[in-house]
Amino acid sequence: MRKSYPFRPFLFTLLTLCFATSAWAQKPEHGSADEAVAMVQQVIASIKANGRDKTIAEVNNTATGKFRDRDLYVTINDLSGKNLAHGANPKMQGKDLIDLKDADGKYFVRERIELAKTKGKGWQDYKFVNPVSKQIEPKSMYFEKYEDLIVNCGIYKAAK
């Protein structure tokens, strides 16, 4: 005769909740600096493997594109300030952004172009609208110059 253990369903449910909770905890609400760098490098690898047009189309796919994760998204600019791809805002795609200012009046696109030309890659701070919170927040943008493109992905640094 088999013994019945009435606590088994409870134990199974408890263990399932513990695993689910730990999985949720592993992916925070905001993207990290390491994730932003990795995403830029993935886009550059995609350009090398699949070409510019296909990669730009994938970045511009704001609904299901593979280069969008939480508040992380990729933008691609040419060296004159034209936006070729924007993973969060289709209205920015194809626009000349050279004169775009942040909330403090900083010409951040001009600054990024200069940094890309002189340093090749790095981080830049400015303020921008977070697509998740819809608020203007401090942002650090990681960028890498690849050929005549600047590939970017940033993190928002809102107070927690």
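The values are calculated or read from the model by the stated rules, or taken from the named source; none is laboratory data. As the structure is a computational prediction, the values presented were derived from the model and not from experiment. Note that we place each Cβ from the backbone using ideal geometry, even for glycine, and neighbour counts take in every protein chain shown.
What to note about this one:
- Verdict on residue 54 being of a type outside the set (Phe, Trp, Tyr) and at pLDDT below 95: no
- Residue in segment 4-25 that is at pLDDT 95 or above and in a loop (DSSP other than H, G, I, E, B) present: no
- Yes/no for residue 116 being crowded, with 16+ Cβ neighbours inside 10 Å and either more than 17 Å from the chain's Cα centre (by Cα) or part of a helix (DSSP H, G or I) (or both): yes
- Applying the condition of being among the small types (Gly, Ala, Ser) and surrounded by fewer than 16 Cβ atoms within 10 Å (Cβ to Cβ) to segment 76-113 and asking which residue is modelled with the lowest pLDDT yields 103.
- Segment 68-86 residues that are within 13 Å of residue 40 (Cα to Cα) and charged (D, E, K, R), paired with ones that are in a strand (DSSP E or B) and modelled with pLDDT of 95 or more (beta carbon under 9 Å, 6 or more apart): 68/74
- Between 137, 144, the distinction of being in a strand (DSSP E or B) and modelled with pLDDT under 95 belongs to 137 only.
- Restricting attention to segment 128-151 and to residues that are surrounded by fewer than 20 Cβ atoms within 10 Å (Cβ to Cβ) and of a type in the set (A, V, I, L, M), the residue that is farthest from residue 49 (Cα to Cα) turns out to be 136.
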